[in-house]
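Just so you know, all these numbers are worked out from the coordinates, no wet-lab data involved. This structure is a prediction, so every number in the text was calculated from the model and none was measured. Here the Cβ positions follow ideal geometry from the backbone for every residue, glycine too, while neighbour counts run over all protein chains shown.
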Amino acid sequence: MTEVRVGILMGSDSDWPKIEAVGEALDEFGVGWEANVMSAHRTPDAVAKYAAEAAGRGLKVLICAAGGAAHLGGVVAAHSTLPVIGIPVPTAELGGLDSLLSIVQMPGDVPVASVAVGMGGPRNAGLFAVQILATGDSTLAAKLVEFKKKLATKIEAKNAAFQQQLRG
């Protein structure tokens, strides 16, 4: 069984379809993860307990997905010394801009990193967690190097095909 090193929290189970790419990115690199539904406003004691105990359970990075007021990442960061990544979940009312602004307005001394609103954000949150873990894991670091090489090869192939199209 893979050691769980990343904790994913979301304010609602309805957020999972919007952010499941975070788990897929972690799976690509063989990084163990867990996911839970907890609300900064509805279950504040559970969130505080989870965050306070996360490092002791072996977690190394916490990823928090929330929409609207998006306080989950900040509350988690207030109760943990682990790196916290916030995923701004798109909302029907403001498309996620509200979530993004909440995450990026953390007060000094309570850092929460933020990823993009929309489809790229959850995947980038997973990849960012991998990059954080890779600073102390040479196997994971090597996997990241290969990943970057594959990205470059993929784009080079797309450019070659595009150039062929242009020439006709």
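A few comments on the model shown:
- Using a Gaussian network model of the chain in which every pair of alpha carbons under 10 angstrom is joined by a spring, one finds that among 90, 111, 17 the greatest mean-square fluctuation is at 17.
- Restricted to Cα atoms, the chain shows a radius of gyration and a Dmax of 17.5, 64 angstrom.
- A Gaussian network model of the chain, with springs between Cα atoms under 10 Å, assigns the largest mean-square fluctuation among 153, 43, 81 to 153.
- Paramagnetic label zone (point 7 Å from Cα along Cα-to-C-beta, residue 45; backbone N under 19 Å) in the stretch 1-38: 37-38
- Net charge of neighbours whose Cβ lies under 15 Å from the Cβ of residue 133, counting Lys and Arg as +1 and Asp and Glu as -1: -2
- Across the alpha-carbon set of the stretch 74-168, the Rg to Rh ratio works out to 1.13, Rh being the Kirkwood radius.
- In nm, spacing of pseudo-spin labels at residue 166 and residue 14 (7 Å Cα→C-beta vector): 4.6 nm
- At full extension, residue 116 and residue 34 could sit 27.4 nm farther apart than now, given 0.36 nm per residue minus the alpha carbon distance.
- For the chain, the relative contact order works out to 21 percent when only alpha carbon pairs closer than 8 Å and six or more residues apart are counted.
- Relative contact order (%) - the stretch 56-142, alpha-carbon pairs under 8 angstrom, separation at least six: 26 percent
- Fluctuation leader among 89, 104, 22 - the chain, Gaussian network, Cα springs under 10 angstrom: 104
- Number of Lys-Lys pairs in the chain with C-alpha atoms under 22 Å apart and a separation of 8 or more places or on different chains: 6.
- On the basis of the beta-carbon distance and an R0 of 45 Å, residue 156 and residue 92 show a calculated FRET efficiency of 0.70.
- Neighbourhood net charge (10 Å Cβ-Cβ; Lys/Arg +1, Asp/Glu -1) for residue 28: 0
- Shown here for the stretch 65-168: chymotrypsin sites (Phe, Trp or Tyr not before Pro) in loop regions (DSSP other than H, G, I, E, B) with at most 15 other Cβ atoms within 10 Å, of which there are none.
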